[in-house]
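Beneath this line is the structure, given in structure tokens, with notes to follow.
The values are calculated or read from the model by the stated rules, or taken from the named source; none is laboratory data. Everything quoted here is computed from the prediction, not taken from an experiment. Note that we place each Cβ from the backbone using ideal geometry, even for glycine, and neighbour counts take in every protein chain shown.
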Amino acid sequence: MSELNDLTQMLDPFGIAKASSAVWRAMLADPEHLARSQQQLAGAWLDFVKNTSARALGKTAQDAAKPAKGDKRFAHPAWDDNPGFSALKQAYLIATSAVLSTIETTPGVDSKMVRRARFFAKQFADAMSPTNFAFFNPLVIEETLRTGGQNLAKGMRNLIEDLQENDGKPALVDKKAFEVGKNVATSRGSVVYRNDLAELIQFEAATAQVYRRPAVIVPPWINKYYVLDLRPENSFVKGMVDRGFTTFVISWRNPDASLRDTTMADYLKRGLLDCSRVASEICGTPDVNLVAYCIGGTLTAMALAYLAGRNEKFVQSATFLASLTDFADAGEIDAFLGEDALAFLEKKMGERGYLDASEMSNSFNMLRSNDLIWSVAVNRYLLGKDAPAFDLLYWNSDSTRMPAAMHTYYLRNMYLENNLVKPGTLQIEGVPLDLGNIHNDVYCVATLEDHIAPWRSVYGMTQTFGGDVRFRLGHSGHIAGIINPPAKNKGSWWSARSTPPDPDAWLASADKHDGSWWNDWHAWLGERSGRLVPARPRGSSEFPPQESAPGTYVLAK
């Protein structure tokens, strides 16, 4: 039996077959649901036939199916203007919609099973899009005629290059165009503290006076910190320094097998707390403000609950950027995280001591497969284009490993069992964690289209924490909604005076503002950062600067 389980894990580590068979059994057990689905599909096909026939006769007709908002695959005019391509597009969209909606509405199946089956069905549908095939993509046909086939020849060279240099995956970005510390991660600063898990970087002041209380940024360790410091024009760090905030950031080590036993408690104590205490000692303050992003926010919530359980008043305020504390609905990433998948990952991490960076990257890319896999493949192999020089994609490709002990704890206790929101279920050194005991002032930002930290789940923080929580909703997704400097005057954000239990009630009452939420947050943080004092040099006699930013840990591959 164990050999059969091992074979199943090897061939189907994410339990796709189990989820699919559960949905199919439920469909067969409810013929009425299946009949309704078939009836809806038949109606869509009838509309398709009528509209296609009308177009063939030169008449004007509406499409029977249209791409979802933001779907750029069918942007070429031929998908609308050419009857053949229009029919192909509509047929694909109708079939895809029928499959996905039938799965979504299947009764009597665990919601996570349904989500997993739908996710992987969509992966297959995305792979089968006509835009991914040269003879069915008008843009590729047009380019082939224009270049005499040189695009396909260049595409073959790109394929060979990716097989040799990128593990057979289409290259997202021209990695040779960037160098950390040269044209990304360029804010001036110094490493003022280092242990085996983290470096603490203090950034150089940009104003004659600075706020006395320091702000310590707790970035995710799933990726490197410089997503918050890509280039001067979009640097979150620079935005803080320019407003007079004394700014530190934790730069996490990219772990290898030697850190296999590193725990979440280690990240909390030797990472977040040790670095924050150093920042407070350098600045001569009894406390700090914390600014946390993604999984850094999950860790920060644990730290605040831990400090509350010890009656320590070490943190003044906390800012959470696209961070989850309630994982009941964690978005599409749940598709990867059933018991089967976790057992598979635990086995691999147990063998190596860590989760490889490429496995993390592949999983996140699948959450946006059309943008990060298939459109890239079309551009590289069918259109013969070079990989772009795009700073955000470079950062996305510069991923990190996860220590086995920490990542197992995180996946099981957060995603699988959602234990952080259960008072007292989790403990750090015998201190029970209760998010209701967090009475710090909190500024919480979610983003409208976030597929990693869905905004309604992030909003749950307003109901769980015991203190004042100011909630703001930004536009776009997990990164673009956060990295949105005011100078660009792009996007929008929402605010409301109260935080009712229902997030949709909050949104219905919210006011929409153009541009970035940064100015609102800077004003809020300034009120909680103490008085203005003369700008201080980096480091102190006890914690002198060791080397220039971005330090050593961020460079490790």
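A compact table of results
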item	result
Residues satisfying the stated conditions in the stretch 1-44, i.e. within 35 Å of the chain's Cα centre (by Cα), at pLDDT below 65 and polar (S, T, N, Q)	N5, T8, Q9
Top-ranked residue in the stretch 70-125 [being exposed (fewer than 15 other Cβ atoms within 10 Å of the Cβ) and of a type in the set (S, T, Y); ranked as modelled with the highest pLDDT]	S101
Residue under evaluation R536, criteria (1) modelled with pLDDT of 95 or more; (2) surrounded by 15 or more Cβ atoms within 10 Å (Cβ to Cβ); (3) not in a strand (DSSP E or B), criterion not met	(1)
Looking only at the stretch 418-449, and only at residues there that are touching a strand residue (DSSP E or B) at 6+ places or on another chain (Cβ under 9 Å), of a type outside the set (A, V, I, L, M) and in a loop (DSSP other than H, G, I, E, B), the one that is surrounded by the most Cβ atoms within 10 Å (Cβ to Cβ)	N440
Residue count for the stretch 500-524, restricted to those that are of a type in the set (S, T, N, Q), surrounded by fewer than 18 Cβ atoms within 10 Å (Cβ to Cβ) and touching a residue at least 24 places away in the same chain (Cβ under 8 Å)	1
Residue tally, condition part of a loop (DSSP other than H, G, I, E, B) and touching a strand residue (DSSP E or B) at 6+ places or on another chain (Cβ under 9 Å), over the stretch 365-404	3
Top-ranked residue in the stretch 178-198 [being over 21 Å from P255 (Cα atoms) and under 27 Å from the mean Cα position of the chain (by Cα); ranked as surrounded by the fewest Cβ atoms within 10 Å (Cβ to Cβ)]	K182
Answer from K169, K175 - the residue that is touching a Ser or Thr at 6+ places or on another chain (Cβ under 8 Å), basic (K, R) and either buried (at least 19 other Cβ atoms within 10 Å of the Cβ) or under 29 Å from A75 (Cβ atoms) (or both)	K175
When residues of the stretch 265-308 are limited to those that are assigned to a loop (DSSP other than H, G, I, E, B) and of a type outside the set (S, T, N, Q), the one farthest from F203 (Cα to Cα)	C294
Pair list, Cβ under 7 Å, 6 or more apart: the stretch 321-346 residue without any contact (Cβ under 8 Å) to a residue 60 or more places away in the chain, other residue of a type outside the set (D, E, K, R) and surrounded by fewer than 20 Cβ atoms within 10 Å (Cβ to Cβ)	none
So D334, is it under 30 Å from V114 (Cα atoms), in a loop (DSSP other than H, G, I, E, B) and under 22 Å from the mean Cα position of the chain (by Cα)	no
Some residue of the stretch 198-209 being out of contact with any Phe, Trp or Tyr (no Cβ under 9 Å at 6 or more places or on another chain) and under 28 Å from R260 (Cβ atoms)	no
Lone unmet requirement of (1) out of contact with any helix residue (DSSP H, G or I) (no Cβ under 9 Å at 6 or more places or on another chain); (2) surrounded by fewer than 20 Cβ atoms within 10 Å (Cβ to Cβ) for C275	(2)
Filter result for W45 (in contact with a helix residue (DSSP H, G or I) (Cβ under 8 Å, 6 or more places away or on another chain), surrounded by fewer than 18 Cβ atoms within 10 Å (Cβ to Cβ) and among the aromatic types (F, W, Y))	yes
Scope the stretch 304-332; condition among the β-branched types (V, I, T) and in contact with a strand residue (DSSP E or B) (Cβ under 8 Å, 6 or more places away or on another chain); matching residues	V315, T319
Residue ID - surrounded by the most Cβ atoms within 10 Å (Cβ to Cβ), chosen from residues in the stretch 471-499 that are of a type in the set (A, V, I, L, M), assigned to a loop (DSSP other than H, G, I, E, B) and touching a residue at least 40 places away in the same chain (Cβ under 8 Å)	I482
Condition met for L163 (hydrophobic (A, V, I, L, M, F, W, C), within 23 Å of T400 (Cα to Cα) and surrounded by fewer than 14 Cβ atoms within 10 Å (Cβ to Cβ))	yes
